[in-house]
Amino acid sequence: MNEKSAHLELDVKDFGPIAKAKMELRPLTVFVGPSNTGKSYLAILVYALHRFFSGGGRYGRGFPLFWGVENKKIVYKGMESLVDVFQSLEDSKEKSKETEILLSPSLIEVLQSGARRNGASLAGEISRCFGVGGIDSLIRRQGAPKKAQILIRRNISSHPEPMEHSLTLTENSQFQMRFPENLRLAVDLETNYRERHFISQLISEKKKDLVKNDFMIYELLEFLGRMISPATLGPLHFPAYYLPADRTGIMHAHNVVVTALISSASSAGLRPAARMPMLSGVLADFMEQLIEIDSMDVHRNQAIDQGENIEKHILGGSVGIQRESHNNYPRFVYRPEDWQDDLALANASSMVSELAPVVLYLRHIVKSGNVLIVEEPESHLHPAMQVEFMRQLSALVNAGIRVIVTTHSEWLLEELANIVQRSESKKLEYDTVAGSQIALHPDQVGAWLFEPKHRPKGSVVREILPGDSGLYPSGYDDVAAALHNDWADMSSETGAAHE
């Protein structure tokens, strides 16, 4: 599959402050523009889609579209079709790990039926991530018809037509999946023992014996989700992790806030943080993940540590976790280079507190294929460190991690332009990740400008590309020019007064 076909297109209308946004989510996606134009709205929406379609961020699960269908007869037909597909693959002399299968009409009907049953659940996850009681408050258009539209489009290199999945957010939200005719999807049928065992079971057992109980139907639907979702939804099949703005304040208050939440949740018989309605879903998830972060370690017993370069090139020291003996609660610490003792994070600089969760997430949770969403990565960073941080984020892309950032920083955008330009140089290796040698191909990067409009009322999102100057036209030059003109006018008046 080429780089272009791996992108996911997102078309959003009347969502929050956004009137219209049409974009591609690329390995490195940057949202830039004035405040209150919807950058965070769109970032949280992307996070919610990942949470839903990846099965809540839990590893090894398929997306939950197939928790129910409208008619069991649809499932029976789909299973018969699967048996025929797997039987033909078993009889084939040519076997490979990745196989293309034809989505038969009965299989497509199963997918579409499952999608229709889960529109309200998807809308509910979006509401949870924003911390609102219902979807109504997220719809920009308040007149009739009161709805927001979200279209997910995935191009397939082997087929001229894309797959399109649409979510209509209304009082009765609906989700629909559309597949082009005669679509063949590449699927991995030998990922693990569970998949191979299920295929063998489908082939060896009689079809009627496989549908005697609801458990077997559930197994089939879950299997379909695991098998189809990577090709159908691409990056949305993988977990995403959201690092909200004001990470310094959250890290400093984390101990007090979460202790209170644990106490309240325990008295109510709930899990801490994520069930508390006083927090948005992104903030609740962030705080709960911080509590469990070292126990979620996906890199344990591996040499991979994507956070180490940030410690080395920016923090000038290491970030660590200590567990309290009386309640096993995590205490976050920082040890500067050449120091023998740790500092509590609250006693370190705001830059350290701001980047500590980035380091911890990369060290313990985020792995290749995942999405890391960082709001305002420039916060509390000197311009030189903003430039270095953009290099480190770009290095993550070369390591297979997808990155989305929202920013107001001119320094980040200027370095991003250099990183893209650097890929055209013949003097360095494209995938080098050391210092200023980091480079990304233009197809890997997307910069999207959020512009406020009066007609239609709301912001419109468009792609910006490096201009003749090699920089992204973000509007920062207009601010600099206005400041210079003010200075020139005042200088002229002052000079005239002294004459």
Cβ pairs under 8 Å, 6+ apart or interchain, first in segment 104-130 and over 26 Å from Leu185 (Cα atoms), second of a type in the set (Lys, Arg) and open to solvent by 10 Å² or more (accessible area, probe 1.4 Å), ordered by first then second residue, are Glu125/Arg51; Cys129/Arg51
Taking the stated definitions as given, is Phe389 in a helix (DSSP H, G or I) and not polar (S, T, N, Q)?
-> yes
In segment 436-464, the residues that are open to solvent by 20 Å² or more (accessible area, probe 1.4 Å) and of a type in the set (A, V, I, L, M) = Val460
Identity of the residue in segment 285-323, free of Cβ contacts under 8 Å to residues at least 40 places away in the same chain and open to solvent by less than 60 Å² (accessible area, probe 1.4 Å), that ends up nearest to Gln437 (Cα to Cα) | Gly316
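Picking from Arg335, Arg363, which residue would you name as being more than 23 Å from the chain's Cα centre (by Cα) and either assigned to a helix (DSSP H, G or I) or touching a residue at least 12 places away in the same chain (Cβ under 8 Å) (or both)?
Working: Arg363 fails: more than 23 Å from the chain's Cα centre (by Cα).
None of the others qualify; the one that does is Arg335.
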Residues of segment 81-112 being open to solvent by less than 90 Å² (accessible area, probe 1.4 Å) and modelled with pLDDT under 75, in sequence order, are Leu82, Val83, Val85, Phe86, Gln87, Ser88, Leu89, Ser92, Ser96, Thr99
Taking His380, is it closer than 16 Å to Ser409 by Cα and surrounded by fewer than 23 Cβ atoms within 10 Å (Cβ to Cβ)?
-> yes
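The values are calculated or read from the model by the stated rules, or taken from the named source; none is laboratory data. As the structure is a prediction and not an experimental result, all values here were calculated from the model. Cβ coordinates were reconstructed from backbone atoms using ideal geometry, including for glycine residues, and neighbour counts include every protein chain displayed. SASA here: full protein model, heavy atoms, side chains in, ligands and nucleic acids out. Shrake-Rupley method; radii C 1.70, N 1.55, O 1.52, S 1.80 Å.
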